[in-house]
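Taking it in order: structure first as C-alpha cells, then the write-up.
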Amino acid sequence: GVFTQNKVKDAPDLWSQKVAASGLAQAVVVNSGNANACTGLEGEKSAELMALWTAEELGIDEQHVIVSSTGVIGHQLPRDIVQRGIKKATANLSGKGGSDAARAIMTTDTFSKEIAVQAEIGGTLVTMGGMCKGSGMIHPNMATMLAFITTDALVEAPVLQREIKNAVDKSFNMITVDGDTSTNDMAIVLANGKAGNPCINDKSPFLSQFQEMLDCVCMQLAKMLARDGEGASKLLEVKVKNALSVKDARLAAKAVVSSSLVKSAFFGEDANWG
C-alpha cells in the first residue's frame, strides 16, 4: 500500500498503514460520505470497529482488514449506519460485484473508474483489476483518491510493496486538478497467488512484465481521475523529452500541469504556449 503524504492523516489511513506494513491483508472495507478525518480518538475507534465488524462477518482477523473512508472531513462516523452497511455488503459478496463497489465509493465523481488487464506470465494467464475514486483535492503526492487493485498473480510481498510504490510514483503522484492534497489517500494492491504462475521475486525474469501490468492499471486509473476533476472540461497530458533524469522530468511536468496560467489558457482555448 501507498498512503497520503499529508501531515494530517485520517484514522483509516493510520490503521491501514499498519495492516499494509505487516504484508498481509485479506479484505478491504470502504465507506463514502464521511472521511473520518480530524475526528480524534473517536475516529480511531470507528476505524478499528469497521475492521472488527468486517472481520467478524468474514471470519478473519481484524488485523488483516484494510479500512478506507472518503467524504466530508470533521464529522464523526455514523457507526450504526456503517455497521448495517458492512453486514449488508458482506452478505452480498460476489465475483461480479466489482462495478457495484466502484460505484458505491464515488463521492463527487461523475463516473465510476475501473480497469482490468490480462497477460501471460511464465505461460500462465494472470489477471489484474483496479478501481478508484477521486475528483477534487487532486494534486501530486497523491490526491483525494482511493485506489484498490487486485491480482491473482503469485508475487512476494516485499516485491509487491516496491512495485506499487514505483507504479504510484509514475501515475497517481503525477496528476493534479486543483493543487490541494488530502488526508485520506491510499492505493492498495492485493495478490492472492491463485493464478499459479512462477513466483515473482527479485530474481524473476517476469518482474518487469508484472510491473508493466501494474503501471498500466495505475496510469489508466490516474488519467480517469484527472479527466473527472471537479470543473474539468479537458484532460491535459504533458510529455517531457531529453531530461537529464527522471526526477528532472517529473519536476518539469509538475510545474507545467500545476500552473494556473497553463490551465486557464487551455480552459479558455486560447493557448499562449509561452
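The values are calculated or read from the model by the stated rules, or taken from the named source; none is laboratory data. Predicted model, so just to flag it, every value in this text is computed and none were measured. Counting neighbours? That spans all protein chains shown, and the Cβs are built from the backbone with ideal geometry, glycine included. Side chains are part of the model used for accessible areas, which takes the heavy atoms of the whole protein and leaves out ligands, DNA and RNA. Shrake-Rupley method; radii C 1.70, N 1.55, O 1.52, S 1.80 Å.
So here's what we get for this one:
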{"read-out": "Helical mean residue ellipticity (222 nm; -39500 (n - 2.57) per DSSP H run of 4+; nearest 500) of the chain", "value": "-12500 deg cm²/dmol"}
{"read-out": "Sulfur and carbon atoms: percent of accessible area, the chain [1.4 Å]", "value": "54 percent"}
{"read-out": "Largest-first ordering by accessible area, 1.4 Å probe, given options CYS132, CYS199", "value": "CYS199, CYS132"}
{"read-out": "Exposure of ARG84 as accessible area (Å², to 10), given a probe of 1.4 Å and all protein chains", "value": "140 Å²"}
{"read-out": "Estimated dipole of the chain in Debye, rounded to 20 [Cβ of Lys and Arg +1, of Asp and Glu -1, Cα centre]", "value": "320 debye"}
{"read-out": "Mean Kyte hydropathy of 0.0 or more with a Cα span along the axis of at least 24 Å, helices from DSSP in the chain", "value": "207-227"}
{"read-out": "Ranking by accessible area, most exposed first, for ASP80, ASP185 with a 1.4 Å probe", "value": "ASP80, ASP185"}
{"read-out": "Exposed-site-free run, longest, the chain (rule: GluC sites (Glu not before Pro); DSSP loop; at most 12 other C-beta within 10 Å)", "value": "1-236"}
{"read-out": "Nearest-20 debye value, region 182-244 charge dipole, Cβ charges on Lys, Arg, Asp, Glu", "value": "200 debye"}
{"read-out": "Accessible area of region 163-274 divided out per residue, in Å², using a probe of 1.4 angstrom", "value": "57 Å²"}
{"read-out": "Inter-centroid distance (Cα atoms) of region 18-61 relative to region 209-260, Å", "value": "31 Å"}
{"read-out": "15 Å beta-carbon shell around ILE200, net charge (K/R +1, D/E -1)", "value": "-4"}
{"read-out": "Rounded, prolate or oblate (a/c below 1.5 giving rounded, otherwise prolate when a/b exceeds b/c) for the chain by Cα gyration tensor", "value": "oblate"}
{"read-out": "Heavy-atom SASA rank of LEU58, LEU251 (probe 1.4 Å, accessible area, largest first)", "value": "LEU251, LEU58"}
{"read-out": "Exposure rule at most 13 other beta-carbon atoms within 10 Å, DSSP loop chymotrypsin sites (Phe, Trp or Tyr not before Pro): the chain longest free segment", "value": "112-272"}
{"read-out": "Added length on full extension, which subtracts the Cα-Cα distance from 0.36 nm per residue, PHE266 to ASN192", "value": "22.3 nm"}
